[in-house]
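The values are calculated or read from the model by the stated rules, or taken from the named source; none is laboratory data. These numbers were taken from a predicted model, which means no experiment stands behind them. Cβ atoms come from the backbone with ideal geometry, glycine included; neighbour counts cover every protein chain shown. Calculation scope for accessible area: heavy atoms of the full protein, side chains included, ligands and nucleic acids excluded. Shrake-Rupley method; radii C 1.70, N 1.55, O 1.52, S 1.80 Å.
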Amino acid sequence: MFGVDARDEESIQKLFKEHDMIIMPSLVLDKNTSDVLNVNADTIATELAINLSASKLIFISDVPYIKDLNGDRISSVNQNVAKKLFDEKIIFF
């Protein structure tokens, strides 16, 4: 797992003040080796939202929807629903 350091946080907060939305690549710099790593975009979005104390995180995906065990569409997911889906092995983190 990567972290957002104070310099990163300040730069990102400045971008949000200047723009309505920012788009982040799913690439990170390994500060120990200087390697560029391809990281799961959901992981980056989640880490940023946590570290920047975001009030909301919205995912846009090419997956049309989540299905339950019966194959029925789940149109909205909150924390309780996500935990249930995770416990039932329908979704994975």
Determine, yes or no, whether Asp68 is at pLDDT 80 or above, at negative phi and open to solvent by less than 100 Å² (accessible area, probe 1.4 Å).
no
Name the single residue that is modelled with the lowest pLDDT among those in region 24-40 being closer than 17 Å to Glu9 by Cα and in a loop (DSSP other than H, G, I, E, B).
Met24
Among all residue pairs at least 6 apart or on different chains, which show Cβ distances below 8 Å where the first residue, located in region 1-20, is at pLDDT 80 or above and the second is aliphatic (A, V, I, L, M) and part of a helix (DSSP H, G or I)?
Ile12/Leu48
I need the full set of residues from region 46-63 which are assigned to a helix (DSSP H, G or I) and of a type outside the set (Asp, Glu), in order please.
Thr46, Leu48, Ala49, Ile50, Asn51
